[in-house]
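*Asks:* Have a look at this one.
Each value in this text was obtained by applying a stated rule to the coordinates, not by laboratory testing. Keep in mind that this is a model prediction, so the values were computed, not measured. Cβ atoms come from the backbone with ideal geometry, glycine included; neighbour counts cover every protein chain shown.
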Amino acid sequence: MSNLNRKYKKESCRTLLGFLRCLAGQRTQIDIYGGIMLVGVLVDIDVNHNIQLSQVTMSRPLQRPISFTRLCIRYSNVRYIRVPDEIDVIETIRQDLRKMNPKPSEIFGGGQKKMHVRKGREYEKNLPPLRPDNYHY
Amino acid sequence: MPSILNTITYPSEYIRQQYSLVKAYLEDEYLGQGNLCVSENQLVWAVTSNETERAGISIDYPSLTMHGIVTHDPKYPEEHLVVVVQKAKEDEEDDENSENHQDNGDQQRSDSPVEYDSIRTVNYRFVMATSEDLKIAYQNIAECQALHPDPLDDMVEDDEVGSDIDYGEEDENNQNGNGNGNGNEHNDDDDPYGYNAHFASSNQELRGSHFTSRRRGQHDDQGII
């Protein structure tokens with residue numbers, strides 16, 4: 001299960017979902033269809049875009065607001081997720097990509113050897129040439 | 001017994017958890033004490049009874065807008081689970097409790113004429129027997145809800161790795177000589193959003209961005225960033 005989770009996180013880092021997951025821990029406002037507004041701390045967004053929040057205030061039009069300690073929203077009802085102003089979108093995405101795709105030297109514990117490196121220099125030397133010898137004729 | 005309760009069939013299979021001694025409230029009206037059953041197909045609260053057909057509430061997960069735990073509420077001293085359910089518009093006239101909703105609905109319609117997609121929601125509150133029950137129920141409902149994605153949303157998936165789905169079905173092979181292999185789509189009838197141009201793997205090389213300069217599925221190189 002943890003492998004699936006890791007794979008999902010890594011793949012999602014190139015999508016909108018990946019960016020939204022970076023907002024975890026931020027206080028955001030989420031607008032729901034029907035004029036409902038939720039302000040709370042993002043806990044998690046799953047692969048289906050269902051959102052979990054904590055310390056939420058839900059305000060509905062003409063009704064008294066309700067405070068939740070935990071709230072889970074179905075994705076199909078979300079109209080907007082407001083990104084806090086202090087978040088730099090591009091920088092957040094960059095950092096997320098960096099975290100998800102670390103250079104081999106940065107991996108704590110060494111990491112796994114990659115497939116294409118295993119073959120080594122011998123393999124590289126014996127590869128067929130990129131262009132045949134009579135390319136320029 | 002309030003007449004709001006319908007006669008429902010208590011689920012007998014795919015049950016994740018059942019909780020007893022659960023008090024239920026619909027908006028501010030007390031419905032009684034009974035069993036809450038979190039099954040994979042629906043969320044059911046019903047009065048305690050041995051029969052399969054009981055008075056209660058049955059909530060389908062696709063209409064379950066949100067659910068959460070409330071600890072501090074002026075009207076309800078105990079912490080409880082709140083389930084917000086989307087109401088179908090036809091139910092509004094029949095529902096006795098709808099006078100609040102209709103007033104709000106009318107005001108909503110007059111205040112914001114653009115809200116054509118405004119949904120009507122109702123609150124159910126469930127007071128569980130213990131705090132642990134509450135947390136586990138919240139978790140179970142969240143998991144079961146994740147099992148019910150909307151069917152039409154398959155068309156608007158993100159560009160996830162591995163989703164080389166061919167969206168242009170109809171006359172694609174007839175109208176385009178090479179089917180998906182064609183880089184330029186002259187005829188957009190079967191592919192109005194240009195999905196073929198983006199998702200077909202043979203077209204990936206044509207895009208110049210870093211994210212697609214190598215084969216999909218490989219995250220080995222970090223790229224320029």
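*Asks:* What is the Å³ per residue value for the convex hull set by the Cα atoms of segment A:3-84?
*Replies:* 84
*Asks:* When Lys and Arg each count +1 and Asp and Glu each count -1, what net charge do the other residues less than 13 Å away from A:Ile51, Cβ to Cβ, add up to?
*Replies:* Local net charge: +2.
*Asks:* Just to be sure I understand the model, the point goes 7 Å from the Cα along the line to the Cβ. What's the resulting A:Lys103 to A:Leu127 distance in nm?
*Replies:* 2.1
*Asks:* Would you mind checking the pairs A:Lys99/B:Lys135; A:Lys7/A:Lys125; A:Lys9/A:Lys103; A:Lys10/B:Lys135; A:Lys9/A:Lys125; A:Lys10/B:Lys87 and listing those with alpha carbons more than 27 angstrom apart?
*Replies:* In this structure, A:Lys99/B:Lys135; A:Lys7/A:Lys125; A:Lys10/B:Lys135; A:Lys9/A:Lys125; A:Lys10/B:Lys87 lie more than 27 Å apart at Cα.
*Asks:* Using the basic label-point model (7 angstrom from Cα toward the beta carbon), what is the A:Gln55 to B:Ser131 distance in nanometres?
*Replies:* 1.9
*Asks:* Count charges around B:Glu40 for me, please; just the other residues with Cβ under 14 Å from its Cβ, Lys/Arg as +1, Asp/Glu as -1.
*Replies:* -2
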